1. Collect the residues in the range 79-114 that are of a type in the set (A, V, I, L, M, F, W, C), within 18 Å of GLU52 (Cβ to Cβ) and surrounded by 20 or more Cβ atoms within 10 Å (Cβ to Cβ), keeping them in residue-number order.
2. Being more than 24 Å from LYS58 (Cβ to Cβ), in contact with a Ser or Thr (Cβ under 6 Å, 6 or more places away or on another chain) and in a loop (DSSP other than H, G, I, E, B) is the filter here; which residues of the range 86-115 pass it?
3. Pick from ASP45, ASP7: which is in contact with a helix residue (DSSP H, G or I) (Cβ under 9 Å, 6 or more places away or on another chain) and of a type in the set (D, E, K, R)?
4. Is it the case, given these coordinates, that PRO155 is modelled with pLDDT of 95 or more, over 30 Å from GLY10 (Cα atoms) and over 14 Å from the mean Cα position of the chain (by Cα)?
5. Of the residues GLY41, GLY13, which is at pLDDT below 95, surrounded by 19 or more Cβ atoms within 10 Å (Cβ to Cβ) and assigned to a loop (DSSP other than H, G, I, E, B)?
6. Need at least 3 residues that are under 21 Å from SER84 (Cβ atoms) per element, so show me which strands (runs of 3 or more DSSP E) inside the range 117-212 make the cut, counting only ones lying wholly within it.
7. So LEU196 clears everything in (1) surrounded by fewer than 21 Cβ atoms within 10 Å (Cβ to Cβ); (2) more than 16 Å from THR60 (Cα to Cα); (3) under 15 Å from the mean Cα position of the chain (by Cα) except one condition, right? Which one?
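The values are calculated or read from the model by the stated rules, or taken from the named source; none is laboratory data. As the structure is a prediction and not an experimental result, all values here were calculated from the model. FYI the Cβ positions are ideal-geometry reconstructions off the backbone, even for glycines, and counts take in every protein chain you see.
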Amino acid sequence: MRHWVFDQHGASGLIGRVASHPLTLQGAAPVYQQNYLTLPGLQGDALLSDTEDTSDIKDTLCLVFRKAAVAGISILGGTIDAVSGGAPFLSATQMFQTYRGALPSEPTGTVIEANQWYFLAVARDFSGPTKHLRLLLGGQPVVEVSGTGNYVPAPSGRKIAIGNGYYDSAANSPTDYAEAILFKDHAMSAMELGALHAFSKARMANKGINVT
């Protein structure tokens with residue numbers, strides 16, 4: 001488990017609370033605010049984990065995020081570029097997911113509002129012939145999708161990012177992040193995702209952040 005909580009202590013929040021796993025600046029430094037940080041959203045200005053993307057990956061990525069403006073494309077995390085990798089992303093107010101080769105770009109049926117904090121979790125199990133993904137946004141029902149295509153992972157050595165590490169789009173806009181969690185080698189069940197949402201919501205409430 002890798003767990004980062006971002007706050008007024010600046011770069012110290014990039015060191016994980018469990019086993020001190022680091023997030024590495026990919027480009028421009030984020031803007032540190034009280035209880036969160038802001039990433040500009042442009043390609044190459046993400047925070048990079050120490051976990052690589054692979055064709056048979058099992059993991060769960062969780063984010064507490066907020067958009068000041070919901071317009072254009074917003075890559076929230078992952079490894080997606082024009083031809084490989086994958087990510088949850090926003091197109092205007094609509095949440096999508098896409099994982100190249102395995103799961104096409106599909107809306108999740110969930111819509112976000114500006115200036116509202118959300119808990120997002122994406123659990124993927126690509127270890128077998130059928131690729132499975134679960135996505136939870138706030139208190140909405142878990143969305144489950146599957147496909148039998150072969151996942152085209154990011155190039156070897158590419159790390160899973162918080163923010164937009166690799167997707168080139170001038171339409172990307174800044175995103176605020178209060179927390180990030182990455183479970184390596186474990187794709188959480190729907191029940192586990194619900195429990196994690198409740199824990200995160202309570203933890204953020206103690207910091208004065210109201211999470212949906």
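1. So in the range 79-114, the residues of a type in the set (A, V, I, L, M, F, W, C) come out as 80, 82-83, 87, 89-90, 92, 95-96, 102-103, 111-112, 114.
Filter again for within 18 Å of GLU52 (Cβ to Cβ), leaving 80, 83, 87, 102.
ILE80, ALA87, ALA102, listed by residue number.
2. Pass one, the range 86-115, residues more than 24 Å from LYS58 (Cβ to Cβ): 90-94, 107, 109, 111-115.
Still in the list and also in contact with a Ser or Thr (Cβ under 6 Å, 6 or more places away or on another chain): 90, 111-112.
Passing the criteria: only ILE112.
3. Details: ASP45 fails: in contact with a helix residue (DSSP H, G or I) (Cβ under 9 Å, 6 or more places away or on another chain).
Among ASP45, ASP7, only ASP7 is in contact with a helix residue (DSSP H, G or I) (Cβ under 9 Å, 6 or more places away or on another chain) and of a type in the set (D, E, K, R).
4. Values: modelled with pLDDT of 95 or more: no; over 30 Å from GLY10 (Cα atoms): yes; over 14 Å from the mean Cα position of the chain (by Cα): yes.
The answer is no for PRO155.
5. Values: GLY13 fails: assigned to a loop (DSSP other than H, G, I, E, B).
The conditions single out GLY41.
6. Working: elements: 118-125, 131-137, 143-147, 159-162, 175-184.
Ranges flagged: 118-125, 131-137, 143-147, 159-162.
7. Only one criterion is unmet by LEU196, namely (2).
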